[in-house]
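Since every read-out is calculated from the coordinates, none of them should be taken as a lab result. What you see is a predicted model; the values in this text were computed from it and never measured. Glycine gets a Cβ as well: all are built from the backbone with ideal geometry, and neighbour counts include every protein chain shown.
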Amino acid sequence: MNVEIKIILNQGNKKFTFNTSTGTQIEVLAKKFQSETPYRILAARINNTDVCLSEVIEEACTLTFLDMRDPSANAIYQRSVSFLYLKAVYDVLGSNRVQIENSLNKGLFTQMKQNVTQEELEAVEEHMHQLVEEDIPIIKRKHSRQKAIEKLREIGYIQKLRLLENTPWLEQVPFYSLDDFENFFYGSMVPSTGYIEYFELRKCRRGVLLRFPEPKLPNLMPPYRDDIKLYRAFGEAREWARLMEINYVQDLNEKVSDGSYKEVIQISEALHEKKIAEIADEITQDGKRIILIAGPSSSGKTTFAQRLCIQLRVNGLKPLYMGTDDYFLERNQTPVDENGEYNFEDIDAIDLTLFNHNMNALLAGEEVDLPTFDFHQGKKIFGKRILRAKKGQPIVIEGIHGLNKELTSEIPENEKYKIYISPLTQLNIDTHNRIPTTDARLIRRIVRDKQFRGYSAQHTIKLWPKVRAGEDKNIFPFNGEADVLFNSAHIYELSVLKKYAEPLLKAIAPEEVEYSVACRLLQLLRFFKTVENDSMIANHSIIREFIGGSIFVD
């Protein structure tokens, strides 16, 4: 018997109450209130728990509808369009298996077992649009572990089978079906193909790009930009994974179980050291003197910069090291954001005139009084760092705007060497279930913020959207300016970070807004076996910047 229940709809700045019956499907309510959000509703949040639209409401609750601007809804869209893509390939090309590799060019880079022609790819894309027009239901079914194992064995999904056989906690396994096509995905999807309105396929070297809108503009396909350097960096990451014999989470879990993860840690560290040495050699050979390092939050910029300085010293150079934070404008000149708060993220907060003047003076061999910014007083202090750069001495500069030409607009181009650093996660759960780089970075930051700043996971998660917005504006648009990309990810790191992150995430209560993100990250970490003893990680490792014990970070 259905009972009338009270629903509090919390949508943006609006909040109002209505009644509905128990057993009401959320999709029905989403269609009724679609006008309350400017973009297509893809999911919902009930009492801070994210749910798909096919779920039903059984008790009074607070309800929020989510469109692609929300990270959870964006992940649902990516998962759903990937499923649609797999279905279309299955229908058009038969048994040609698809592997979803990594994010690239505002989409996902995928590879097929057999190469496809342009005509075949166009046929797949046309079929995807046809499936969308037909608005076919995407049916979710939960199978017992044993039945799921049998189905995966029958389909021939070996990596999914290996994973499932070694995750005893996954008692009910979510499968999704689209007509006669069925597959295992560990996250939610949209109710039907009609929700998947925007996408495109492009051939990309040895693979295919599946592209879709950015969260900030859900109704528009983003302009295409050939991120060749990012493509090569992911290719290098795949080669590193091959050397360590780890392609998927289960490969890593087996090495954690038998103890061979210690060798993985050593090899991964050696690969980082070799890459940093190669970068130092190129800087030395080319005689570059202004070395600019930029990357998103939790990339390990500080450790990388210090290790690069060491390798430059190995090459006979004595680099100067500094950050751009000491070049903030005086507090009364600092720009404010839309909320009237000081905005230290944008390049307008930097004293560009002084920075360029000081760097050119150093290049010319002049004595320079470098500022130190006092954040309590909100002003630059002089007289503490009076330096003169020797002939040929490089200057290593770390800062979020390092790749933005505006930062160094008055410095000769032939003096600059630009480095983009980011943890480009290559390890995936299986052939179709990805580990988003953004989630891996957030886990890094949660651990670091607690270790070194005393912040709770809730505090870090609360600030993360603002951090991401700053990255989208000030960092990611400029990564194509880099001379080299350094991948700061360690293939083993989530197994190490797990023991630090899990208790912090579990401390977030269900009534807190950040609970939904905590649940998503905990679900991801459950797939990893924990490295309990991380003492063999070197004290100069980038991971030490987050878990503690670094010789570079206090």
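Only counting other Cβ atoms within 10 Å, I'd like Lys140, Lys255 sorted with the fewest neighbours first.
On the way: Lys140 16, Lys255 23.
The most exposed by this proxy come first: Lys140, Lys255.
When the C-alpha atoms of the chain are aligned to their principal axes, what extent does each axis show, in angstrom, from largest down?
Sorted largest first, the three principal extents are 82, 52, 49 Å.
With n ≥ 4 as the cut-off for DSSP H runs, can you work out [θ] at 222 nm for the chain, using -39500 (n - 2.57) per run divided by the number of residues, rounded to the nearest 500?
Working: 15 runs with 203 residues, N = 554.
Value at 222 nm, helices only: -11500 deg cm²/dmol.
What order do you get for Val208, Val513 when you list them from fewest to most C-beta neighbours inside 10 Å?
On the way: Val208 24, Val513 13.
Result, fewest neighbours first: Val513, Val208.
Starting from the Cα of Ile310, step 7 Å along the direction of its Cβ; do the same at Ile158; then give the gap between the two resulting points in nm.
Distance between label points: 3.9 nm.
Please compute the Kirkwood hydrodynamic radius of segment 76-217 from all pairs of different C-alpha atoms, in Å with one decimal. Don't jump to the answer; show the numbers that get you there.
On the way: mean 1/r = 0.0634 Å⁻¹.
One decimal place: 15.8 Å for the Kirkwood radius.
Hey, can you grab everything whose amide H is under 5 Å from the amide H of Tyr321? Only 5+ residues off in sequence or another chain; H modelled, so Pro and N-termini drop out.
Answer set, sorted by chain and number: Val396.
Excluding same-chain residues fewer than 8 positions from Lys14, which lysines have a Cα within less than 26 Å of its Cα?
Answer for Lys14, where 26 Å is the Cα cut-off: Lys6, Lys31, Lys32, Lys216, Lys462, Lys466, listed by chain and number.
Using 7 Å Cα-to-Cβ label points, what is the Val28/Asp374 separation (nm, one decimal)?
Label-label distance for Val28 and Asp374, simple model: 6.6 nm.
To make sure I understand, if each residue's beta carbon is the centre and we count other beta carbons within 10 Å, what order do Trp464, Trp169 fall in, fewest to most? Could you put the intermediate results ahead of the total?
On the way: Trp464 19, Trp169 7.
Taking fewest neighbouring Cβ atoms as first place, the list is Trp169, Trp464.
For Lys140 and Thr62, what does the FRET efficiency come to when R0 = 30 Å and r is the distance between their Cβ atoms, rounded to the nearest 0.05?
Approximately 0.80, to the nearest 0.05.
Please give the residues of segment 415-433, grouped as numeric ranges, whose backbone N is less than 20 Å from a label point set 7 Å along the Cα-to-Cβ vector of Glu165.
Answer for this model: 428-433.
Just subtract the alpha-carbon distance of Ser260 and Asp337 from 0.36 nm times their residue separation and send over the number in nm, one decimal. List each step's numbers first, then the result.
Numbers: separation 77, 0.36 × 77 = 27.72 nm, distance 4.99 nm.
Roughly 22.7 nm would be gained on extension.
If you keep only loop residues by DSSP, which chymotrypsin sites (Phe, Trp or Tyr not before Pro) in segment 351-419 have at most 11 other Cβ atoms within 10 Å of their Cβ?
Those that pass, being in a loop and sparsely packed, are Phe375.
Taking a cut-off of 29 Å between Cα atoms, list the lysines near Lys147, but don't count ones fewer than 8 places away on the same chain.
Lys87, Lys113, Lys160, Lys255, Lys529
Taking the Cβ-Cβ separation of Arg388 and Asp346 as r and a Förster radius of 41 Å, what is the calculated FRET efficiency to the nearest 0.05?
0.80
Counting other Cβ atoms within 10 Å, keep those with at most 11, restrict to DSSP loop, and tell me which GluC sites (Glu not before Pro) in segment 1-40 are left. The partial results should precede the final answer.
Values: sites: Glu4, Glu27, Glu36; in loops: none.
Of the GluC sites (Glu not before Pro), not one in the loops of segment 1-40 has a Cβ with at most 11 other Cβ atoms within 10 Å.
Under 1.5 on a/c is rounded, so check that first for segment 243-356, then, if it is not, pick prolate when a/b is larger than b/c and oblate when it is not; a ≥ b ≥ c are the square roots of the alpha carbon gyration tensor eigenvalues.
Details: a/c = 3.88, a/b = 1.58, b/c = 2.46.
Verdict is oblate for segment 243-356.
Hey, with R₀ at 35 Å, roughly what FRET efficiency would Glu406 and Val553 work out to, going by the Cβ-Cβ distance, to 0.05? Don't jump to the answer; show the numbers that get you there.
Details: r = 29 Å, r/R0 = 0.83.
Given R0 = 35 Å and the Cβ-Cβ separation, E is 0.75.
If I stretch the segment between Gln114 and Lys462 completely, what's the gain in nm (0.36 nm per residue apart, minus their alpha carbon distance), one decimal?
Working: separation 348, 0.36 × 348 = 125.28 nm, distance 4.41 nm.
Result for the pair: 120.9 nm of gain on full extension.
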